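Enquirer: For reference, the structure I am asking about is given below.
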Amino acid sequence: MKIKLRVRLIIPFKNKLLLVEDTKNKFWFYPGGKVEYGESIERAIKREIVEELGEDREFKMDKILFIRDFILPEKNEHSLELFILGKLNNYDDLEERTDPEYNNEHIFRFINIEELPVELYPQDLTKRIVEGFKNGFEGIKGEYVGNLS
């Protein structure tokens, strides 16, 4: 069995969230990625931000909002995902930025909180993120949510 640790970054800006559109597979997700063996969560976030958004970007972590299991029995894989709220030092030129690691099929977009796509995963957790967004994420801190879709 493969066990992975992943970080998903919740990056609000004005009344929007920074999301990634997978144009090939037709779904959306929160930016982030895998934590490599021996790497701290903080270091993984720093690496992912540089890889995906550029060397001039830094992410300041506010808090871990949610922890969830992501289990794919067909792949014999179990991931633990941390959904982390934070801010960037620079929001310029992020709209329409592509991730070259994925043949530019991953596109970063700011989406209005009231207009999030239905295909944003995980869907159940997104509902909770929207509720948290509307109340400034008060009262949410490191909540374990299990294996949500």
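The values are calculated or read from the model by the stated rules, or taken from the named source; none is laboratory data. Keep in mind that what you see is a predicted model, and the values were worked out from it rather than measured. As a convention, Cβ positions derive from the backbone with ideal geometry for all residues, glycine included, and neighbour counts pool all protein chains shown.
Enquirer: Being touching a Gly at 6+ places or on another chain (Cβ under 8 Å) and touching a residue at least 40 places away in the same chain (Cβ under 8 Å): is that true of LEU65 here?
Expert: On the way: touching a Gly at 6+ places or on another chain (Cβ under 8 Å): yes; touching a residue at least 40 places away in the same chain (Cβ under 8 Å): yes.
Answer is yes for this residue.
Enquirer: Which numbered condition trips up LEU17, out of (1) touching a Lys or Arg at 6+ places or on another chain (Cβ under 7 Å); (2) not in a loop (DSSP other than H, G, I, E, B)?
Expert: Status for LEU17: all satisfied but (1).
Enquirer: Assuming GLU42 fulfils every condition listed in (1) assigned to a loop (DSSP other than H, G, I, E, B); (2) of a type outside the set (Phe, Trp, Tyr); (3) touching a residue at least 12 places away in the same chain (Cβ under 8 Å) apart from one, which condition is it?
Expert: Unmet condition: (1).
Enquirer: Right, something else. Looking at ASN76, ASN103, ASN90 in this structure, which one is at pLDDT 90 or above, on the phi > 0 side of the Ramachandran plot and not acidic (Asp, Glu)?
Expert: Values: ASN103 fails: at pLDDT 90 or above; ASN90 fails: on the phi > 0 side of the Ramachandran plot.
Within the list ASN76, ASN103, ASN90, the selection yields ASN76.
Enquirer: If I filter segment 1-37 down to residues being farther than 22 Å from LEU88 by Cα and hydroxyl-bearing (Ser, Thr, Tyr), which single residue comes out as farthest from the chain's Cα centre (by Cα)?
Expert: Out of the qualifying residues, it is TYR37.
Enquirer: Which pairs have Cβ atoms under 7 Å, sit 6 or more apart or on different chains, and link a residue in segment 9-33 that is under 17 Å from ASP99 (Cα atoms) to one that is buried (at least 19 other Cβ atoms within 10 Å of the Cβ) and small (Gly, Ala, Ser)?
Expert: From residues that are under 17 Å from ASP99 (Cα atoms), the pairs are LEU9/GLY32.
Enquirer: Another question, if that's okay. Which members of segment 33-45 meet the condition of being in contact with a strand residue (DSSP E or B) (Cβ under 8 Å, 6 or more places away or on another chain) and either within 21 Å of GLU131 (Cβ to Cβ) or surrounded by fewer than 16 Cβ atoms within 10 Å (Cβ to Cβ) (or both)? Spell out how you get there, then give the answer.
Expert: Taking segment 33-45 first, the residues in contact with a strand residue (DSSP E or B) (Cβ under 8 Å, 6 or more places away or on another chain) are 33-35, 41-42, 44-45.
Within segment 33-45, LYS34, ILE41, GLU42 meet the criteria.
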